[in-house]
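Reviewing the structure listed below.
The values are calculated or read from the model by the stated rules, or taken from the named source; none is laboratory data. Note that the coordinates shown come from a computational prediction; the quantities given were computed from them, not determined experimentally. Note that each Cβ is placed from the backbone with ideal geometry, even for glycine, and that neighbours are counted across all protein chains shown. Keep in mind that these areas ignore ligands, DNA and RNA; they rest on the heavy atoms of the full protein, side chains included. Shrake-Rupley method; radii C 1.70, N 1.55, O 1.52, S 1.80 Å.
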Amino acid sequence: MNKTIIIQASSKSTGNTNKVINYLNNNESFDFVDLKTKKIGVFEYDFSNADDDFIPLMEEIINKYDTLVFATPVYWYSMSATLKTFFDRLSDLLHYKKDLGRQLRGKNMAMISNSGANDLRNGFEMPFIESAKYLGMNYIGSTHAWFTEDENDIHPEAKLKIDEFKNLFNA
């Protein structure tokens, strides 16, 4: 299989996170999903959101992909609320969809973040590292992108980091 999916988790489908994804995926070697186009409710202990888009999306991701790359803007020093909701819903795979959740074991996880400046704070990556560890996934790395002063383009230094990051998937 050895296929990669980029999971975009931004409040704006065509914003800076999407610019970063398009740069990373300039040769279209990765598949892509925009969580903003999905109806994914918050985690509920009674699994009352079981009929939303989360489980069908996870079934597709687990069955088709070996590597999941989460792409998120930095909002208030953390991942986007969209991605936090998605991560919270992984709890569904630990309770009533355990067989599906077990299939995450051995898959790869990576993360790419972005903000207006090169100012990512220590600890931002921890939820990704620890979630991968808890799920039995291999955390293969991350990178952070930022933008030029006019915010129209990814900063040249950040582009170099994205190019290095892309090498993780060619190994």
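Just a few scattered comments:
- For the range 14-39, the set of residues classified as under 15 Å from the mean Cα position of the chain (by Cα) and open to solvent by 40 Å² or more (accessible area, probe 1.4 Å) consists of Asn16, Lys19, Asn22, Asp31, Phe32, Lys36, Thr37, Lys38, listed by residue number.
- The condition (being among the aromatic types (Phe, Trp, Tyr) and either under 13 Å from the mean Cα position of the chain (by Cα) or under 22 Å from Ile162 (Cβ atoms) (or both)) is satisfied by just one residue among Tyr75, Tyr96: Tyr75.
- Residues of the range 104-118 satisfying the condition of being within 23 Å of Ser91 (Cβ to Cβ) and buried (at least 17 other Cβ atoms within 10 Å of the Cβ): Leu104, Lys107, Asn108, Met109, Ala110, Met111, Ser113
- Residue count, the range 116-145 (criterion: on the phi < 0 side of the Ramachandran plot, in a loop (DSSP other than H, G, I, E, B) and not charged (D, E, K, R)): 7
- Selected residue (only one of Ser13, Ser29, Ser113 is modelled with pLDDT of 95 or more, in a loop (DSSP other than H, G, I, E, B) and of a type in the set (Gly, Ala, Ser)): Ser13
- Hey, Tyr96 outside any helix (DSSP H, G or I), of a type in the set (Phe, Trp, Tyr) and modelled with pLDDT of 95 or more or not: no
- Residue list for the range 63-88, restricted to those being surrounded by fewer than 18 Cβ atoms within 10 Å (Cβ to Cβ) and within 19 Å of Asp99 (Cα to Cα): Asn63, Lys64, Asp66, Phe87, Asp88
- Cβ-Cβ distances below 6 Å connect the following pairs, each with a first residue in the range 45-68 that is modelled with pLDDT of 95 or more, a second residue that is of a type in the set (Gly, Ala, Ser), and a separation of six or more residues or different chains: Asp52/Gly41.
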